[in-house]
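J.: Just passing along the structure, written as structure tokens.
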Amino acid sequence: MALNKSQLIGYAAIIVIVISLASIGMKFTGFITTSSTGVVNVTITPSGSINFTTNFINFGSGSVTAGNSNATVNTEGVLTGGTGWNSSASNFTLENIGNVNVSLALKVDKNATSYLGGTSPSFKYRVINDTEPLSCVGNTASSFTEFTTTDAVVCNPFPFDNAKDSIRISIQLVIPSDSLSGAVAQTALVTATGTY
Amino acid sequence: MIKRGVLLVFLILLPLVNAGSIGISPVHFELFFEPNLERTFDFTVSNADPKGAIEVYALGDLAKYVKLSDDSFVGEGSLRVYLKLPKTIEIPGNHRILIGARESSSENGASGGVAGIAAIQASIDVMVQYPGKYIEAAFNVNNVNKGENASFDLTVNNLGTESINISPVIEVYEDNIKLLTKNIEIGKMLSKDKRVINDFLATSSLNEGTYNTSLVINYGREIRISRELKIGYMFVNITDYSYNFSSGKINPFRISVENLWNSEMKNVYAEIVITDKGKVLTSFKTPSMDMAPWEKKDLVGFFDVSDIPEGRYTANLQVFYDSKINNKLVAVYVFKPPVNNVWMIWVGIAAGFVLVVIVVFVYLIVKIRRLKNESGKKNKR
């Protein structure tokens, strides 16, 4: 009896299905009579990458209390000389997610004078190296340090090891009573630059 | 409440800036300067946000000889850097070109507040050779435990225009006494040659402690690089402790310890036993912690001095680590907290002031009376 084309395909499909089902749970055992060595070449290209996991600080609105020449607010829970501002704003969190150590520098696009104005304003940062100690080697900003508009190296290196690759950066503003009044509709940009 | 002064508002409705990361790969190229050399370098730049804009740039004194294939990307992109070096560069040494990628600040449409943007920079080092003989070297030696040989890494670059012959020597010293010498035969290095040597120093016979190692290379000039070498042993050293405690309350008891083992030490803790003439008064433990190689940490427990009278006592500090104990007997003191006598100083100052006022007042009264008497006598005359 001659099989037509579609019957042939049908039988072949049934055979394939049967063999597939039969092989479920099957273990192949036996002696290896010959062996060969496989070499797997894996090249990992060095990659530099940093990540701002928390990258916005919102101090909200507030005012300098009468009789004070300025108010201080920071992301470490401090608010003195003023009311309203949010001192519980989160710190910046920065992580080295690459596979090489980098040096880390910080700068701002506006210094305290152009950002806040008034008499003796201050715009400072501090690198907190606590959640993953040793993440900021040679920390040059362990206490509050005034921002500049040029790169200031704060960690060298900023390692990539998972156990020590994350820092927090707290921000402190000293807002003079004669500071820029009204809504400050400008954002100060902090640039964190990792350099290999 | 009346408020005066400036109202400064940082108005933000939403954090408009998403958490951002920026990456570049590879991160480094290096080449020797050649007149009019033309090279291209390929980088991949990326932003964690597929829609995130990336700005790219070049920095450095040779950046003017660099041309970038693109100024910006969205999400990810392949950046080709064209470098065409000039005919001459006067200053020998390394000239670093930085190829940077940063999150686009134009994304940060927030109105107020402080926003962070990330940038990453790869480097292209262009080495301009020094005329004549000139080498640079890097040397590192790794700490070990007692009985082990210390590995070291030595890299020598011939950055001069001439060939050199060198035989570096590594010496190990303790208190300026030379204990070991290792000679390394490198021999002839042509201009632009680089040699990397990874080898061991025969330190297995040295006792635990801290040593100085010096690499010396003499090629007409001398290069000397010193590095500290620590040979560790399984020991947690007690370097400091609290010994003064205020009576009538619970005091923190701090023990400063140092891991002298070139490996991690797990579950390090202390037990403190306070005795008075052999009689145990109290004992307490500190929480346990892990210590990295050579790490210094504080173990802190709490000493309840509520029922212990003032006096001198003996504390047995026992630091437990890896089934071993480091023991130290020390004297500790319980004392009455000093009375805050600042108010007495103020009372003294006030009393002195009042006394001065009284003296001046009496003096003025006596003076006025005398003047009155004298003027009365004159009138009588």
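Taken together, the values in this text are just the output of simple stated rules run on the coordinates, not laboratory data. What you see is a predicted model; the values in this text were computed from it and never measured. We place every Cβ from the backbone using ideal geometry, glycine too, and count neighbours over all the protein chains shown.
J.: Please arrange B:Ile22, B:Ile124 by how many other C-beta atoms lie within 10 Å of their C-beta, fewest to most.
T.: By the 10 Å Cβ count, ascending, the order reads B:Ile124, B:Ile22.
J.: Calculate the FRET efficiency for B:Ile91 and B:Ser167 from the Cβ-Cβ distance with a Förster distance of 41 Å, rounded to the nearest 0.05.
T.: 0.85
J.: Please check: in the Gaussian network model of chain B (C-alpha springs, under 10 Å), which one of B:Val357, B:Val216, B:Val45 has the largest mean-square fluctuation.
T.: B:Val357
J.: Going down the table (B:Lys192/B:Lys230; B:Lys133/B:Lys178; B:Lys230/B:Lys328; B:Lys230/B:Lys297; B:Lys87/B:Lys133; A:Lys124/B:Lys51), which pairs top 27 Å between alpha carbons?
T.: B:Lys192/B:Lys230; B:Lys133/B:Lys178; A:Lys124/B:Lys51
J.: Only counting other Cβ atoms within 10 Å, I'd like B:Lys194, B:Lys279 sorted with the fewest neighbours first.
T.: B:Lys279, B:Lys194
J.: Let me spell out the model: positive unit charges on the Cβ of Lys and Arg, negative unit charges on the Cβ of Asp and Glu, origin at the Cα centre of the protein assembly as shown. What dipole size does that give, in debye rounded to 20?
T.: Approximately 3060 debye in magnitude.
J.: Over its Cα atoms, what ratio of radius of gyration to 2.2 N^0.38 Å does region B:236-335 give?
T.: Here the Cα radius of gyration is 1.08 times the empirical estimate.
J.: Over all directions, how big on average is the projection of the convex hull of the alpha-carbon atoms in region B:261-301, in square nanometres?
T.: 3.4
J.: Translational diffusion coefficient of region B:56-199 at 37 °C, 0.692 mPa s, Stokes-Einstein with Kirkwood Rh over Cα pairs, in µm²/s as a whole number.
T.: Using the Kirkwood radius from Cα pairs, D works out to 166 µm²/s.
J.: Please give the net charge around B:Leu281, taking every other residue with its beta carbon less than 11 angstrom from that of B:Leu281, where Lys and Arg add +1 and Asp and Glu add -1.
T.: Cβ neighbours under 11 Å give a net charge of -1.
J.: Here's another thing I want to ask about it. Have a look at the protein assembly as shown and give its Rg and Dmax from the Cα atoms, expressed in angstrom.
T.: 36.2, 173
J.: What net charge do the residues around A:Ile171 carry, taking every other residue with its C-beta under 11 Å from that of A:Ile171, with Lys and Arg at +1 and Asp and Glu at -1?
T.: +2
J.: If you don't mind, another one. Counting only residues 5 or more places away or on other chains, whose amide H sits under 5 Å from the amide H of B:Phe303 once H atoms are built in the peptide plane?
T.: Amide H to amide H, under 5 Å and 5 or more residues apart or across chains, B:Phe303 pairs with B:Asn251, B:Phe253.
J.: Continuing with the same structure: With a Förster radius of 30 Å, plug the Cβ-Cβ distance of B:Ile250 and B:Thr210 into 1/(1 + (r/R0)^6) and report the FRET value to the nearest 0.05.
T.: 0.20
J.: Run through region B:62-95 and list the trypsin sites (Lys or Arg not before Pro) located in a DSSP loop whose Cβ has at most 11 other Cβ atoms within 10 Å.
T.: Qualifying residues, ordered by number: B:Lys87.
J.: Work out how far the C-alpha atoms of region B:22-128 reach from end to end along every principal axis, then list the three figures in whole Å, largest first.
T.: Result for region B:22-128: principal-axis Cα extents of 48, 26, 17 Å.
J.: Another question, then. Name the long-range amide H neighbours of B:Gly52: under 5 Å, sequence gap of 5 or more, or other chain; modelled H, no Pro or chain starts.
T.: Counting only residues 5 or more places away or on other chains, the set is B:Gly75.
J.: Then there is this: For region A:122-129, just list the computed ³J(HN,Hα) in residue order, Karplus coefficients 6.51, -1.76 and 1.60, θ = phi - 60°, integers in Hz, with x standing in for Gly and Pro.
T.: Whole-Hz 3J(HN,Hα) from phi for region A:122-129: 8, 9, 10, 9, 9, 8, 9, 10.
J.: Using Cα-only point scatterers and the Debye equation, what is log10 of I(q)/I(0) for region B:135-232 at each q in 0.20 Å⁻¹, rounded to two decimals?
T.: Scattering profile of region B:135-232, log10 relative to I(0): -0.92.
J.: For B:Asp42 and B:Arg80, compute 0.36 nm times the residue count separating them, minus their Cα-Cα distance, and round to one decimal in nm.
T.: 13.2 nm
J.: What is the angle, in °, between the Cα long axis of helix B:342-380 and the longest principal axis of the Cα atoms in chain B? Nearest 10 is fine, range 0 to 90.
T.: With rounding to tens, the tilt is 50 degrees.
J.: While we're on this one: Of B:Asp193, B:Asp125, B:Asp71, which has the largest mean-square fluctuation in a 10 Å C-alpha GNM of chain B?
T.: B:Asp71
J.: Excluding B:Ser21 itself, what net charge comes from residues whose Cβ is under 10 Å from its Cβ, given Lys and Arg +1 and Asp and Glu -1?
T.: Local net charge: -3.
J.: Per DSSP helix of 4 or more residues, -39500 (n - 2.57); summed, then divided by the residues of the protein assembly as shown. What does that give at 222 nm, rounded to the nearest 500?
T.: -3500 deg cm²/dmol
J.: Within 10 Å of each residue's Cβ, count the other Cβ atoms and sort A:Lys110, B:Lys277 from fewest upward.
T.: B:Lys277, A:Lys110
J.: Continuing with the same structure: Between B:Asp61 and B:Arg224, how high is the FRET efficiency from 1/(1 + (r/R0)^6) when r is the Cβ-Cβ distance and R₀ = 25 Å? Nearest 0.05.
T.: 0.25
J.: OK, next. One-quarter of the Cα convex hull surface for chain B, in nm²?
T.: Result: 44.9 nm².
J.: For B:Lys249, list the aspartates and glutamates whose Cα falls under 20 Å from its own Cα; do not include residues on the same chain fewer than 8 positions away.
T.: B:Glu271, B:Asp276, B:Asp304, B:Asp307, B:Glu310
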